[in-house]
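Note sheet for the following structure.
Just so you know, all these numbers are worked out from the coordinates, no wet-lab data involved. Here the structure is a predicted model, which means the values were calculated and not measured. Methodologically, a virtual Cβ is constructed for each residue, glycine included, from the backbone with ideal geometry; neighbour enumeration extends over all protein chains shown.
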Amino acid sequence: MKNVIITIDGPAGTGKSTVAREVAARLGYTYLDTGALYRAAAVAIEDAQVNIYDDETCGMIVSNTDIVLLNDRITINGKDVTSEIRANHISEVASKIASHPSVRKALLAIQRSFGQQYSLVAEGRDTGSVVFPDAQVKIFLSASETERANRRYNELVARKTAISYEQVLDEVIKRDQRDTSRKISPLVVAEHAIVVDTTQLDINGVVNKVVEITRDRLADQ
């Protein structure tokens, strides 16, 4: 039987990771956090102390780095960086290197390998449009900028990160601009994707809606 692929895309702060993880758990599928792969790549590039705006050099570093994602733990060259990749500055670096074609190419094979092995719920920014264009179910999560900034701010405060709401909102706006305007794999609503606005929904409400959509879609196939 062919593996079932569910993609969940959307901008930062829409709850993609939490929703995808819970949907995967409910359906008994593997959860693929593509953002974690980009953050791990960002750590590797930062550790190498190279120019993060140099496409070729960044791509070479990622290609020569052993990135392993397994059971919500991620390592680079055997070093566990699961906690390190969640730092706010690493998220910013990851967003910038994600515009490099060579970096995206290096990580694409890793992402697609999961779909060859498991039925999965993949979340990110181009999982439905580029990584798994033939996915059986495609979801695009959205929410207002202010709501997404508020969620991110509360998350960072809970981690005792010293940052203001205004700074977080500015980062959200700039990241949206980078993600939607980059030439390679921009953030878009993938063909046949269903848009779910999460602004007024809690996580459980979003999960229930995505599971319902998934079951309806699979029943029709």
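Between Ser113 and Arg86, what length comes free when the chain is fully extended (0.36 nm per residue of separation minus the Cα-Cα distance, one decimal in nm)?
Between Ser113 and Arg86, full extension yields an extra 7.4 nm.
Could you give the nm distance between label points at Lys160 and Ser144, where each point is 7 Å from its Cα heading toward the beta carbon?
3.3 nm
Would you look at the GNM of the chain, springs on alpha carbons closer than 10 Å, and say which of Lys209, Lys138, Lys16 moves the most?
Fluctuation is largest for Lys209.
Need one number: nm distance between label points at Arg178 and Asp216, each 7 Å from Cα along Cα→Cβ, rounded to one decimal.
In this crude spin-label approximation the distance works out to 3.6 nm.
Could you list the GluC sites (Glu not before Pro) in the range 92-191 that lie in coil according to DSSP, counting only those with at most 16 other Cβ atoms within 10 Å of their Cβ?
Here the GluC sites (Glu not before Pro) that fit, given the DSSP loop and packing criteria, are Glu191.
State, as an integer percentage, the relative contact order of the range 5-215 based on alpha-carbon contacts under 8 Å between residues 6 or more apart.
Across the range 5-215, relative contact order equals 33 percent.
What lysines sit close enough to Lys138 to cross-link, taking a C-alpha to C-alpha distance under 16 Å and skipping anything fewer than 8 places away on the same chain?
By straight Cα distance, Lys138 reaches Lys16, Lys209.
Starting from the 7 Å offset along Cα-to-Cβ, what nm value, one decimal, do you get for the label separation of Ala25 and Asp197?
With each label placed 7 Å out from Cα toward Cβ, I get 2.9 nm.
For the chain, which DSSP H helices look membrane-span-like by this rule: Cα extent along the axis of 30 Å or more and mean Kyte-Doolittle of at least -0.5?
The qualifying helices: there are none.
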